[in-house]
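A.B. asks: Here it is, the structure, as structure tokens.
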Amino acid sequence: MRLPGKTVIITGAASGLGRAMALRFAVEGANVVVADVTQTPREGGEPTVDRILRSGGSARYERCDVTSWTDVDRVVSDTVDRYGRLDVMVNNAMITSYDPKPLLETSVEQWERTLAVNLTGAFHGCKRAVQAMREQEVEGEARGRIINLASQLGIVAAPGNCAYGVSKAGVAYLTRQVARDYAKDRIVCNAIAPGKIMTGKGGHAELPHVIAFSESRTPWPRLGLPDDIAAAALFLASDEATFIQGEVLAVDGGWLAS
């Protein structure tokens with residue numbers, strides 16, 4: 001096991017990438033806190049916490065709307081009270097209820113809501129995690145680790161998807177800022193930029209023309225799977241990645257190389 005006894009909070013872990021990371025971290029011995037607005041997986045199946053517990057792992061659910069500082073503060077405080085420390089914070093929650101729109105078709109509501117969840121949510125998670133981690137003893141070389149979920153579409157332009165692309169570009173910058181400011185406190189902060197990942201959640205992201213576009217941009221002969229992201233997150237959460245700081249790790253099958 002690579003995370004025995006470590007405590008991890010993952011926002012948006014009921015479904016998709018967050019769910020895959022939660023399941024993988026639990027297998028590696030972590031105490032996993034699933035922080036989400038729901039326990040129902042969008043792709044179907046039993047709740048993440050139930051699946052972890054059934055497999056003999058350690059997990060609990062905390063209802064959390066990441067746009068609310070009060071919710072994020074409560075989840076982190078409860079976690080530290082229960083387990084004694086917060087080792088890893090994964091800011092994964094994102095909004096999927098809007099179809100992609102270019103600038104002129106993006107409503108103020110879509111813009112504000114997308115940034116509230118994707119970017120302000122990550123800001124809340126980073127800030128509260130740093131507060132907690134600075135009060136902890138160093139273990140290995142770090143007091144704690146933060147992993148943010150960016151996107152390859154926050155590095156190159158997101159075709160016709162203004163609000164999403166800007167929100168994820170902001171996450172990438174936030175990651176570098178936190179890493180630069182708090183490395184002296186022994187806090188490690190990095191991000192993952194997934195390429196096209198087939199989560200099984202459906203919706204616009206898995207329409208045939210969207211998949212065809214993604215396949216045309218991805219040199220590797222398949223699109224990504226949630227486990228690809230979970231493996232990258234596990235590496236960044238481990239002691240093996242201590243000297244990696246402020247990086248945005250592209251897990252995209254070569255999308256950004258083409």
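A.B. asks: Which residue, of G170, G224, G165, G160, is in contact with a Pro (Cβ under 7 Å, 6 or more places away or on another chain), of a type outside the set (K, R) and buried (at least 16 other Cβ atoms within 10 Å of the Cβ)?
C.D. replies: G224
A.B. asks: Still on this structure, I have one more. Which pairs do you get when a residue that is closer than 22 Å to E105 by Cβ and assigned to a loop (DSSP other than H, G, I, E, B), found in segment 138-164, comes within reach of a residue that is at pLDDT 95 or above and basic (K, R), reach meaning Cβ atoms under 9 angstrom, with the pair 6+ apart or on two chains?
C.D. replies: If the second residue must be at pLDDT 95 or above and basic (K, R), the pairs left are S151/K168; A158/K168; G160/K101; N161/K101.
A.B. asks: Please verify whether segment 34-54 includes one or more residues that are in contact (Cβ under 8 Å) with a residue 40 or more places away in the chain and assigned to a strand (DSSP E or B).
C.D. replies: Within segment 34-54 (the criterion being in contact (Cβ under 8 Å) with a residue 40 or more places away in the chain and assigned to a strand (DSSP E or B)), the answer is yes, since at least one residue qualifies.
A.B. asks: Considering only residues that are assigned to a loop (DSSP other than H, G, I, E, B) and in contact with a Ser or Thr (Cβ under 8 Å, 6 or more places away or on another chain), look in segment 1-28 and name the one that is surrounded by the most Cβ atoms within 10 Å (Cβ to Cβ).
C.D. replies: It comes out as A13.
A.B. asks: Moving on. Name the one entry in V117, V138 that is surrounded by fewer than 18 Cβ atoms within 10 Å (Cβ to Cβ) and of a type in the set (V, I, T).
C.D. replies: Checking each option against the conditions leaves just V138.
A.B. asks: Hey, can you tell me all the residues within segment 186-221 that are hydroxyl-bearing (S, T, Y) and either exposed (fewer than 14 other Cβ atoms within 10 Å of the Cβ) or in a helix (DSSP H, G or I) (or both)?
C.D. replies: Across segment 186-221, the qualifying residues are S214, S216.
A.B. asks: State yes or no: is T242 in contact with a Leu (Cβ under 9 Å, 6 or more places away or on another chain), more than 18 Å from I155 (Cα to Cα) and either at pLDDT below 95 or polar (S, T, N, Q) (or both)?
C.D. replies: no
A.B. asks: What pairs can you find where one residue is in segment 8-26 and more than 18 Å from G195 (Cβ to Cβ) and modelled with pLDDT of 95 or more, the other is charged (D, E, K, R) and in a helix (DSSP H, G or I), and their Cβ atoms are less than 6 Å apart, with a gap of 6+ or different chains?
C.D. replies: Between residues of segment 8-26 that are more than 18 Å from G195 (Cβ to Cβ) and modelled with pLDDT of 95 or more and residues that are charged (D, E, K, R) and in a helix (DSSP H, G or I), the close pairs are A13/R19.
A.B. asks: Identify all residues within segment 55-76 that are closer than 19 Å to A30 by Cβ and either surrounded by 13 or more Cβ atoms within 10 Å (Cβ to Cβ) or in contact (Cβ under 8 Å) with a residue 24 or more places away in the chain (or both); write none if there are none.
C.D. replies: Residues satisfying the conditions are S55, G57, S58, A59, R60, Y61, E62, C64, V75, V76.
A.B. asks: Return the total of residues in segment 172-197 being farther than 21 Å from E135 by Cβ and either touching a Ser or Thr at 6+ places or on another chain (Cβ under 8 Å) or among the hydroxyl-bearing types (S, T, Y) (or both).
C.D. replies: Number of matching residues: 8.
The values are calculated or read from the model by the stated rules, or taken from the named source; none is laboratory data. All of these numbers come straight from a predicted model, not from anything done at the bench. Cβ: placed from backbone, ideal geometry, glycine included. Neighbour counts: every protein chain shown.
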